[in-house]
Amino acid sequence: MASIRKLDTGKYRAEIARQGKRLSKVFPTQKAAKEWASRQEYLILNADEVKSSETFGEVMTRYARERSVHKRGERWEAIRLEKIGRDPIAQKAIGELTASDFAEWRDKRLTEVAPASVIREMQLMSSVMNVAVKEWRLISANPISDISRPKKPVSRDRLPTDDELERLAHSAGSDLTNATARAYHAFRFALETAMRAGEIAGLTRDRIDMENRVARLEHTKNGRPRDVPLSSEAVRLLKELPAADPVFGLSSRQLDVLWRKLRDRAKVEGLTFHDSRHAAITRLAKKLDVLALARMVGHTDLRMLQLYYNETAAELAKRLD
């Protein structure tokens, strides 16, 4: 029950004891104290209904503020949450959302983007809903868990050809004081190391041991640091770079933009920077055993290597003789 007491200062203290909760606050007038007490009692007695009335958009904003900020992919996660927040589904109260709502969103989204993008967005929304269930206690169940994800697309097997590498080199130029040339240099480095674009962009000189030919990565996709062995060619590529820190002098965004420009200028179709990882792993598989390769490229699940290993049947046939 709520009680209002007048203090010696002339102010009023409102006190509430309901369902094991005790609240107290001081107000300048008795009216303000009574209004606050009434509101707090309502919130306590109708906690479940009040919580579940928050819109999905509001919950996503809270997730971005409290959860995304602690992740390495904060920027991209925030962008995705903001995008979803503009969809009509974000205007619905989280307690009213059903599996049918998310299925309808999924089907509409599949007409706009590739299945892989829909899968990533659904995984993010499911993470938001799981936190709303398990930690924030806003709802009792995650309705996204009741609907199927789109089928995953066939894994890529795109590898650069020698002709394409020549055209890319010509498009980029050889002057490494030029950012475009360094973007292609980063691609060549990726072909040697199987490092991801973000890992290469973030590589600093204090993380490179030239003598032992090792690059230390503190921030990786799976969140675990790893040491990457460097081939003599990888070391040579690093030594050719002008003095800068990070060593390639490019942010992840700059590397992405410059790579796309030089690739399109070279008229190389369908090749992504990440395809360098496929090419590197395919080549390295001829030199390293499975466990050593997994350790080098940072795969904790050996099955992931199958997605990146793209040697052709004809190439395998040559190794049989």
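Figures for the structure shown
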{"read-out": "Candidates Thr29, Thr161, Thr193, ranked by Gaussian network fluctuation over the chain, Cα under 10 Å, top entry", "value": "Thr29"}
{"read-out": "Fewest-first ranking of Thr55, Thr98, using other Cβ atoms within 10 Å as the exposure measure", "value": "Thr98, Thr55"}
{"read-out": "Electrostatic dipole magnitude of segment 56-146 [Cβ: Lys, Arg +1; Asp, Glu -1; Cα centre; debye, to 20]", "value": "360 debye"}
{"read-out": "Loop sites in segment 201-278: GluC sites (Glu not before Pro), DSSP, at most 16 other Cβ within 10 Å", "value": "Glu211, Glu218, Glu269"}
{"read-out": "Taking the chain and dividing mean pair separation by its residue count, relative contact order in percent (alpha carbons under 8 Å, at least six apart)", "value": "13 percent"}
{"read-out": "Size of electric dipole in the chain: Cβ of Lys, Arg +1 and of Asp, Glu -1, about Cα centre, debye, nearest 20", "value": "1120 debye"}
{"read-out": "Projected label distance in nm at Asp206 and Asp264, using a 7 Å step from Cα toward the beta-carbon", "value": "3.8 nm"}
{"read-out": "Length-normalised contact order of segment 101-230 in % [C-alpha pairs under 8 Å, at least 6 apart]", "value": "13 percent"}
{"read-out": "Derived scalar couplings ³J(HN,Hα) [segment 13-23; Karplus, 6.51 cos²θ - 1.76 cosθ + 1.60; whole Hz; x for Gly, Pro]", "value": "9, 9, 10, 10, 9, 9, 6, x, 9, 10, 10"}
{"read-out": "Tilt relative to the chain, helix 30-45 - C-alpha long axis, 0 to 90 degrees, to 10", "value": "60 degrees"}
{"read-out": "Rounded, prolate or oblate (a/c below 1.5 giving rounded, otherwise prolate when a/b exceeds b/c) for segment 153-253 by Cα gyration tensor", "value": "oblate"}
{"read-out": "Rounded if a/c under 1.5, otherwise prolate or oblate - segment 56-146, Cα gyration tensor axes", "value": "oblate"}
{"read-out": "Val214 long-range amide H proximity, modeled H, under 5 Å", "value": "Asp209, Leu230"}
{"read-out": "The chain: Cα Rg divided by the 2.2 N^0.38 Å rule of thumb", "value": "1.40"}
{"read-out": "Local electrostatic count at Asp101 - Lys and Arg +1, Asp and Glu -1, tallied over other residues with Cβ under 15 Å", "value": "-2"}
{"read-out": "Per-residue ³J(HN,Hα) for segment 265-277, Karplus 6.51 cos²θ - 1.76 cosθ + 1.60, θ = phi - 60°, Hz, x for Gly and Pro", "value": "5, 7, 6, 9, 8, x, 8, 9, 4, 5, 5, 4, 5"}
{"read-out": "0 to 90° range, to nearest 10: angle between helix 162-172 axis and the chain longest Cα axis", "value": "70 degrees"}
{"read-out": "Contact order normalised by residue count of segment 56-146, Cα under 8 Å, 6+ apart, percent", "value": "30 percent"}
{"read-out": "Acute angle (nearest 10 degrees) that the helix 115-134 long axis makes with the longest principal axis of the chain, alpha-carbon atoms", "value": "30 degrees"}
{"read-out": "Inter-site label distance for Ser100 and Ser145 at 7 Å from Cα along Cβ, in nm", "value": "2.2 nm"}
{"read-out": "Inter-label distance for Ala243 and Val113, nm, one decimal - labels placed 7 Å from Cα along Cα-to-Cβ", "value": "4.3 nm"}
{"read-out": "For segment 145-186, the fraction of alpha-carbon pairs in successive 10 Å shells from zero, as %", "value": "24, 28, 18, 15, 13, 2"}
{"read-out": "Derived scalar couplings ³J(HN,Hα) [segment 197-206; Karplus, 6.51 cos²θ - 1.76 cosθ + 1.60; whole Hz; x for Gly, Pro]", "value": "4, x, 5, 5, 4, x, 6, 10, 5, 6"}
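Just so you know, all these numbers are worked out from the coordinates, no wet-lab data involved. Everything numeric in this text was worked out from a predicted model, so none of it was measured. All Cβ positions, even for glycine, are placed from backbone atoms using ideal geometry, and neighbour counts span all protein chains on display.
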